[in-house]
Amino acid sequence: MQTNEYIISFNAYFSSMTRKQKIWIYAIIMITMTWGLDLVNDFKYGSAISLSGMTRLFNFTQLIYSLFTLLITHWVFKRYYSKRNKWPLVIGIICIIPAFIFFRYGLEEMLIPALFNARNYNEGTSFLFYSLDNVYYASIYIILGFLIFMLDNQLTIQKKQALLIAQSREAELAFLRSQINPHFLFNSLNNIYALSYKGSPKTPEAILKLSGLMRYMLYEKQENIPLEKEWEYIQHFIGLQKLRYDYPLALSLSIEGDPGNIRIPPYLLIPFVENAFKHGDLSDEKKPLTIKLSIKESTWDFYIENKVATQQKDPEGGVGLENVQRRLALLYENRHQLRMEHVGEKFSIYLQINR
């Protein structure tokens with residue numbers, strides 16, 4: 001794995017963490033900064049590591065003033081960083097340094113001596129020396145606070161972008177799904193109109209079958225349904241289409257494996273079948289409409305093949321295949337294969353989806 005892949009993986013992991021987990025990480029950073037240098041020095045000089053040395057009073061005061069500085073730095077950058085006028089940000093950063101100095105001085109050189117009679121600096125140290133010495137320490141915590149802010153800010157931006165992408169994707173999927181029902185209804189009503197125009201006795205049965213299919217389409221609002229339910233839907237659709245014809249259809253329908261444990265978005269496969277009925281010749285028994293569903297251990301395959309009819313294609317076109325191609329790209333990115341081939345009189349579609 002390359003370096004940039006490690007960075008991407010880290011960002012993806014960190015952005016998925018909860019607020020509580022991030023607080024723990026920041027706490028570990030603070031503890032490492034407070035006691036890490038002492039431990040390194042102890043190892044470097046061969047000094048004994050003791051509990052009393054680890055629990056020095058001024059280790060805890062360091063936690064307090066460093067946390068204070070980090071929070072103030074984070075607040076200043078959060079308030080002024082994204083604004084066009086950078087002077088408030090510059091002034092805010094400059095003001096953090098004396099704030100750090102006065103806060104630490106009041107804590108360690110005034111409060112602690114009054115309560116515990118202890119000092120971090122030698123008694124008599126001038127405030128000027130103390131101030132100049134702590135400019136360095138203040139700068140360290142300001143830089144650390146800036147880095148933490150930048151990390152949080154970048155992760156916030158990534159989360160917002162991911163949310164916008166997800167919302168856009170959901171909206172597009174909803175639109176694509178909404179296209180299917182009117183498209184299917186339009187074609188079915190045309191078929192029933194043709195039956196009624198001819199005075200066919202099959203018209204009432206066709207209306208009844210369409211009613212059953214529309215009930216499924218109207219009330220099936222789940223994002224995913226069992227694959228076997230979609231297969232049943234295909235069978236009902238074929239039953240409705242059969243009523244259009246005065247002759248037996250050349251049709252081969254088969255399924256291998258158990259589709260019950262697989263869930264897919266509703267109406268994912270029906271556009272392929274609808275396309276075959278719309279543009280296929282179903283009268284040739286030597287070249288029947290073939291529909292196969294095969295469930296395997298790691299994938300499931302859908303295959304459909306039909307003889308292409310000689311009649312001219314609907315000049316208005318359709319949304320079926322384009323619709324399902326886009327849905328597959330959104331729902332099964334890098335998890336599916338779709339091949340469509342038109343060779344001579346044969347048109348075939350092969351879809352494979354990884355489980």
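Just so you know, all these numbers are worked out from the coordinates, no wet-lab data involved. All values reported here derive from a predicted model rather than from experimental measurement. Heads up, the Cβs are rebuilt from the backbone with ideal geometry, glycines too, and the neighbour counts pull from every protein chain shown.
Quick notes on this structure:
- Packing-based ranking of 68-78, 331-341, 130-140 yields 68-78, 130-140, 331-341, ordered from highest to lowest mean Cβ neighbour count within 10 Å.
- Fully extended contour minus Cα-Cα distance, from Ala329 to Tyr26, at 0.36 nm per residue: 105.2 nm
- Of Lys242/Lys292; Lys22/Lys160; Lys198/Lys346; Lys286/Lys307; Lys198/Lys286; Lys209/Lys287, those spanning more than 20 Å from alpha-carbon to alpha-carbon: Lys198/Lys346; Lys198/Lys286; Lys209/Lys287
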